[in-house]
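*Asks:* Dumping the structure here so I can ask a few things about it.
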Amino acid sequence: MPPRTTDAAAPAAAARPRRRGRTGGAAPYWQAAPMALVFFLFFVLPLVVVLVVSFWKYNSYSITPAFILDNYTGVFDGCLVSLPSLCTTFATYLSTIKFCLIVWAVTLVVGFTIAYFLAFHVRTTAMQIVLALICIIPFWTSNVIRMISWIPLLGRNGLINQMLVGSGLVSHPVEWLLYSDFAVALAFVHLLTAFMLVPILNSMMRIDRSLIEAARDAGASGAQVLWNVVIPLSKTGIAIGSIFVITLVMGDFITIGVMGGQQIASVGKVINVETGYLQFPLAAANAVVLLVAVLGIIFALTRFIDIRKEL
């Protein structure tokens, strides 16, 4: 017969599991602490600094710590007075949003199509991995190199114009292929398609194939399966890819500057020019306004789709 636990030892035995429970409850927080510290130092703290600097006073030779709203009023200077005409800020945001919508739509169609083919038409896992790597590996190179590679193709004396003129389709080189809205949108699609492809492919690979078989057994056509089964179950990946594409386009200034020939305005380019002229408080105010606009778009997307299901 096992020995009985004495009355004095019973409280101590009961207390030991409680101490282990308290330690186990704190362990996840300690595990997350290093990442939280990195997140705070390299994300939250820089944003706080930008916000603080956006209220400072500046002139052509100095920056003075202060708390003024002149930088924000300068961002929207004359915007209400000039209505219904667009002020510079509204016109710049409209141009940036235009590229966002074009690039988002094209990358969504291209990324969704490739992801659908890889997920449902490629039968073996090994071939899916190989084809996915073929799509993704080119994106491991520098964005600038991949962007500049379009210039020998689209330029006035580029390969495409030489083919068009040589074949007699046009009598003189086409001017709008390079340093135009078309060139900027094409470069964005080339650079950002992978950011749309990967989340959608991840969502599609999680779809239970029995659901598709059940829909087909019920008499659904291919289009009905796509619309009623695949797209609803892929909407989380679509939302994540959309967030990636929209945020990258909204803040970009290199692609628009190079492929647009420094002739097309964007919010990121305005901020880059202001920092180049050492107008840091004004640039910080523009950055805060841009951040609010991007967060508003992300908030609108997350209101309709719960991206936590993908995480």
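*Asks:* Kindly indicate the residue of the range 66-79 that is open to solvent by 90 Å² or more (accessible area, probe 1.4 Å) and outside any helix (DSSP H, G or I) and also nearest to T92 (Cα to Cα) among those meeting that condition. Don't jump to the end; show me each part of the working.
*Replies:* Just the residues of the range 66-79 that are open to solvent by 90 Å² or more (accessible area, probe 1.4 Å), to begin with: 67, 69-70, 77.
Next cut, outside any helix (DSSP H, G or I) only: 67, 69, 77.
Working: F67: 27, L69: 21, D77: 13 Å.
Here the residue is D77.
*Asks:* Tell me which residues, restricted to the range 226-264, are assigned to a loop (DSSP other than H, G, I, E, B) and either in contact with a His (Cβ under 9 Å, 6 or more places away or on another chain) or open to solvent by 10 Å² or more (accessible area, probe 1.4 Å) (or both).
*Replies:* Listed by number, the residues that qualify are D252, F253, G261, Q262, Q263, I264.
*Asks:* Within the set of pairs 6+ apart or on separate chains, which have a first residue in the range 104-122 that is more than 18 Å from V245 (Cβ to Cβ) and of a type in the set (K, R), a second that is assigned to a helix (DSSP H, G or I) and open to solvent by 50 Å² or more (accessible area, probe 1.4 Å), and C-beta atoms under 9 Å apart?
*Replies:* No pair meets every condition.
*Asks:* Scan the range 115-133 and give yes if some residue there is under 22 Å from C100 (Cα atoms) and either open to solvent by less than 60 Å² (accessible area, probe 1.4 Å) or at pLDDT below 90 (or both), otherwise no.
*Replies:* Going residue by residue through the range 115-133, those that are under 22 Å from C100 (Cα atoms) are 115.
Cutting the leftovers down to either open to solvent by less than 60 Å² (accessible area, probe 1.4 Å) or at pLDDT below 90 (or both) gives us 115.
The answer is yes; a qualifying residue exists.
Residue-wise test of (1) open to solvent by 70 Å² or more (accessible area, probe 1.4 Å); (2) at positive phi; (3) under 20 Å from the mean Cα position of the chain (by Cα).
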| residue | (1), (2), (3) |
| --- | --- |
| G168 | no, yes, no |
| P173 | no, no, no |
| Y179 | yes, yes, no |
| F182 | yes, no, no |
| A185 | no, no, yes |
| L191 | no, no, yes |
| F195 | yes, no, yes |
| N202 | no, no, yes |
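*Asks:* If you don't mind, there's one more thing I want to ask. Quick one: in the range 154-176, of everything that is of a type in the set (A, V, I, L, M) and free of Cβ contacts under 8 Å to residues at least 24 places away in the same chain, which residue is nearest to G268 (Cα to Cα)? Please lay out each step first, then the result.
*Replies:* Step one: filter the range 154-176 for residues of a type in the set (A, V, I, L, M), giving 154, 159-160, 163-165, 169-170, 174.
Those left that are additionally free of Cβ contacts under 8 Å to residues at least 24 places away in the same chain: 159-160, 163-165, 169-170, 174.
Values: L159: 31, I160: 30, M163: 35, L164: 35, V165: 36, L169: 38, V170: 36, V174: 29 Å.
This residue is V174.
*Asks:* Among (1) exposed (fewer than 12 other Cβ atoms within 10 Å of the Cβ); (2) touching a residue at least 12 places away in the same chain (Cβ under 8 Å), where does A223 come up short?
*Replies:* Exception for A223: condition (2).
*Asks:* Next question, about the same structure. Scanning for something in a helix (DSSP H, G or I) and crowded, with 21+ Cβ neighbours inside 10 Å, does the range 272-279 turn up at least one residue?
*Replies:* Quick first cut of the range 272-279, residues in a helix (DSSP H, G or I) only: 272-276.
From what's left, crowded, with 21+ Cβ neighbours inside 10 Å: none.
No, that holds for no residue.
*Asks:* Only residues in the range 191-214 that are under 28 Å from V258 (Cβ atoms) count as the first member; pair them with residues that are of a type in the set (D, E, K, R) and crowded, with 19+ Cβ neighbours inside 10 Å, Cβ under 9 angstrom, at least 6 apart or cross-chain, and list the lot.
*Replies:* Within 9 Å, the pairs are L191/D252.
*Asks:* Between a first residue in the range 43-64 that is open to solvent by 60 Å² or more (accessible area, probe 1.4 Å) and a second residue that is among the polar types (S, T, N, Q) and in a strand (DSSP E or B), which pairs have beta carbons less than 8 Å apart while being 6 or more apart in sequence or on different chains?
*Replies:* Final answer for the pair search is W56/T64; K57/T64; Y58/T64.
*Asks:* For residues that are polar (S, T, N, Q) and either assigned to a loop (DSSP other than H, G, I, E, B) or in contact with a helix residue (DSSP H, G or I) (Cβ under 6 Å, 6 or more places away or on another chain) (or both), scanning just the range 161-201, find the one that is modelled with the lowest pLDDT.
*Replies:* Only one residue tops the list, namely S171.
*Asks:* Can you confirm whether C87 is open to solvent by less than 80 Å² (accessible area, probe 1.4 Å), without any contact (Cβ under 8 Å) to a residue 40 or more places away in the chain and of a type outside the set (F, W, Y)? I'd like the intermediate steps shown before the answer.
*Replies:* Working: open to solvent by less than 80 Å² (accessible area, probe 1.4 Å): yes; without any contact (Cβ under 8 Å) to a residue 40 or more places away in the chain: yes; of a type outside the set (F, W, Y): yes.
The answer is yes for C87.
The values are calculated or read from the model by the stated rules, or taken from the named source; none is laboratory data. Only a predicted model underlies this, so the values are computations on that prediction, with no experimental measurement involved. Ideal geometry is used to build each Cβ from the backbone, glycine not excepted, and the neighbour counts take in all protein chains shown. Protein only, heavy atoms only, side chains kept; ligands, DNA and RNA dropped before computing areas. Shrake-Rupley method; radii C 1.70, N 1.55, O 1.52, S 1.80 Å.
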